[in-house]
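Take a look at the structure below.
The numbers here are math on the coordinates, done by the rules we state, and not lab data. Just so it is clear, the model here is predicted, and its values are computed rather than measured. All Cβ positions, glycine included, derive from the backbone under ideal geometry; neighbour counts span all protein chains shown.
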Amino acid sequence: MTSAVSATPKMARLVLDGKEIEFPVVVGSEGEVGIDISALRASTGAITLDEAYVNTGSTRSGITFLDGEEGVLRYRGYPIETLAQHCGFLEVAYLLIYGELPTAEQADSFREDIRNHTMLHEDMKSFYNGFPRDAHPMGILSSVVGALSTFYQDAMDVHDPDQVEVSTHRLIAKLPTIAAYSYKKSIGHPFVYPKNSLPYCDNFLHMMFSTPAGEYHADPDFVEALNLLLIVHADHEQNCSTSTVRMVGSSNANLYASVSAGIGALWGPLHGGANEACVDMLERIVEDGGNVKKYVDMAKDKKNHFRLMGFGHRVYKNRDPRATIIKACCDKLLQKHHVKDPLFEVAQELEETALRDPYFVERKLYPNVDFYSGVIYRAMGIPVQMFTVLFAIGRLPGWIAHWKEMHADGSRINRPRQIYVGPTRRDFIPTDQR
Ligand code: CMC
């Protein structure tokens, strides 16, 4: 396919079997160029083939801008660095979901709406008895979020804005409670109810770490770090889990079912599960004597499945701006709390070694959001299996914003096609003749 070359091309031409067809070119507000091939099959009978969607724009979106070549990330036009420095997580959630930063009154009212829904239905607690004690909290999170749809059957109509609104509040309010309960279950402690006098991040740490036997006050530095981590995870345009939420939602499945599916997608170690896998990898390197070069060599060896977890990204071919923010936070927190974590030292050495290595330089592989976040979570006392759960709590507003945008845009059911490469028609052979 050739495109009509000009500063802002208007049409792209495709020649197929001698027939020339023109397609409109769509230009985004930041100058990104896409070829609108929606008429391709109707006019040619052909489809596009783009395995793993490396070149496919699945939608127009006005939520998050990401320039992977320049390392730029903005939510609704605001740079991630500015939001991370100045905002609370719920303010950013509001921005993503409603499109504008809230006024003081809007922020108060939003926080109040969230506070109203922090508790879980008492019957939901019995679910936790059914899970094995060593169940992965992501499995619990996905199941319990899916089960919210069975408790809130009054909010299933995807076209009713009031029902979507209450589901939005319930999800943002209950996800930390569901998450903290899964941790309490794993250590055999009683569940701690949410305390609505506390802000969002403090409340989560309270449910995680307080016990009926003693007082707990979250360290303000940990609260600040958690707030920052949730903000930098809050959206990342059409990533695997967000595309899953949109895909499931496009069938008009309710918001709980769609988010539950997104949690499943996030769990994988190539996506959000990389934060847990990265700390496992750093622990392995430390236990193995800290031989960083050995692991860098293993990651380069094509016969070995090992990869540097927390390294590389489909879109970033430059430093991941989230990793820069997180590393600075990590540095500050560890220094202030006089934490000497061998994992942090190994992580820094690994980064330096990889970034000097032609393999990583040529492929433009840099540390991503998951490389240093686990070191911060460790310093806060959060167990490693909860790391991806925290990613999910952060990503939730992004999922909801995309789900709502998709419905507002009147999207059709998402249904990719395929190029069939299996056997052509053949005759059935009865069992006794095979
Ligand atoms: N270690 C070693 N080699 C790598 C790595 C890595 N972490 N990442 C990519 N490569 C190599 C890969 O082998 C390939 O080499 P070649 O061209 O010789 O075949 C080349 O770099 C391109 O990689 P790819 O697998 O084609 O890239 P992708 O866009 O399909 O995958 C990725 C992106 C993030 C899945 C991949 O970089 C990876 O597996 N990273 C480790 C897991 C990870 O940290 N995931 C978290 C991503 S950030 C959080 C999020 O938003 O999900």
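So the values come out like this:
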quantity: Within straight-line cross-link reach of residue 302, aspartates and glutamates at Cα separation under 18 Å, skipping those fewer than 8 residues along the same chain; calculated: 357, 362
quantity: Using θ = phi - 60° and Karplus 6.51 cos²θ - 1.76 cosθ + 1.60, couplings along the range 18-35 (whole Hz; Gly, Pro as x); calculated: x, 9, 9, 10, 9, 10, x, 9, 9, 10, x, 5, 9, x, 5, 10, x, 9
quantity: Tilt relative to the chain, helix 89-98 - C-alpha long axis, 0 to 90 degrees, to 10; calculated: 30
quantity: Residues whose placed amide H lies under 5 Å from that of residue 16, excluding near-sequence neighbours; calculated: 21
quantity: Extreme residue, positive dipole direction of the chain, given options 271, 339, 151 (C-beta unit charges); calculated: 271
quantity: Hypothetical label at residue 195: residues of the range 208-235 whose amide nitrogen lies under 15 Å (7 Å Cα-Cβ projection); calculated: 208-220, 223
quantity: Sites matching trypsin sites (Lys or Arg not before Pro) across the range 51-88 that sit in DSSP coil, with at most 15 neighbouring C-beta atoms within 10 Å; calculated: 60
quantity: Relative contact order %, the chain, counting alpha carbon pairs below 8 Å whose residues are six or more apart; calculated: 18
quantity: Nearest-20 debye value, the range 217-376 charge dipole, Cβ charges on Lys, Arg, Asp, Glu; calculated: 660
quantity: Diffusion coefficient, µm² s⁻¹, Stokes-Einstein with Kirkwood Rh over alpha-carbon pairs of the range 1-125 at 4 °C and 1.567 mPa s; calculated: 70
quantity: Qualifying GluC sites (Glu not before Pro) for the range 176-263 [loop in DSSP, other Cβ within 10 Å: at most 10]; calculated: 215
quantity: For residue 11, residues with placed amide H under 5 Å, excluding near neighbours; calculated: 4, 25
quantity: Spacing of the two label points (7 Å from each Cα toward its C-beta) at residue 433 and residue 332, in nm; calculated: 7.6
quantity: From phi via Karplus (6.51, -1.76, 1.60), per-residue ³J(HN,Hα) for the range 279-286 in Hz, x at Gly/Pro; calculated: 5, 4, 5, 5, 4, 4, 5, 4
quantity: Cα centroid of the range 92-166 to Cα centroid of the range 310-356, whole Å; calculated: 32
quantity: Most fluctuating residue given options 186, 241, 142, as computed from a GNM of the chain linking Cα atoms under 10 Å; calculated: 186
quantity: Dipole-positive endmost among 377, 419, 407 within the range 298-430 (Cβ charges, Cα centre); calculated: 419
quantity: Listed residues 345, 362, 165, most fluctuating in the chain (Gaussian network, C-alpha, under 10 Å); calculated: 362
quantity: Net charge dipole size for the chain [Lys, Arg +1 and Asp, Glu -1 on Cβ; Debye, nearest 20]; calculated: 1140
quantity: Computed [θ] at 222 nm, deg cm²/dmol, the chain (DSSP H ≥ 4; -39,500 (n - 2.57); rounded to nearest 500); calculated: -16000 deg cm²/dmol
quantity: Inverse of mean 1/r across different Cα pairs in the range 323-363, Kirkwood, Å; calculated: 11.4
quantity: Gaussian network model of the chain, Cα within-10 Å springs - most flexible of 203, 129, 239; calculated: 129
quantity: Residue-by-residue Karplus 3J(HN,Hα) for the range 135-150, coefficients 6.51, -1.76, 1.60, Hz, glycine and proline x; calculated: 4, 6, x, 5, x, 5, 4, 5, 5, 5, 5, x, 6, 4, 5, 7
quantity: Order of 181, 200 under a 10 Å beta carbon neighbour criterion, fewest first; calculated: 200, 181
quantity: Part-to-part distance (alpha-carbon centres) for the range 27-86 and the range 388-433, which is given in Å; calculated: 19
quantity: Cut-off under 5 Å, modelled amide H: who pairs with residue 72 long-range; calculated: 67
quantity: Calculated FRET efficiency for the pair residue 107/residue 424, C-beta based, R₀ 60 Å, to 0.05; calculated: 0.45
quantity: Electrostatic dipole magnitude of the range 27-181 [Cβ: Lys, Arg +1; Asp, Glu -1; Cα centre; debye, to 20]; calculated: 460
quantity: Two-decimal Rg to Rh for the chain - Kirkwood Rh, Cα set; calculated: 1.00
quantity: Where trypsin sites (Lys or Arg not before Pro) fall in DSSP loop in the range 109-176, at most 12 other Cβ within 10 Å; calculated: 133
quantity: 27 Å Cα-Cα threshold exceeded, pairs from 174/336; 185/336; 294/364; 293/327; 300/327; calculated: 174/336; 185/336
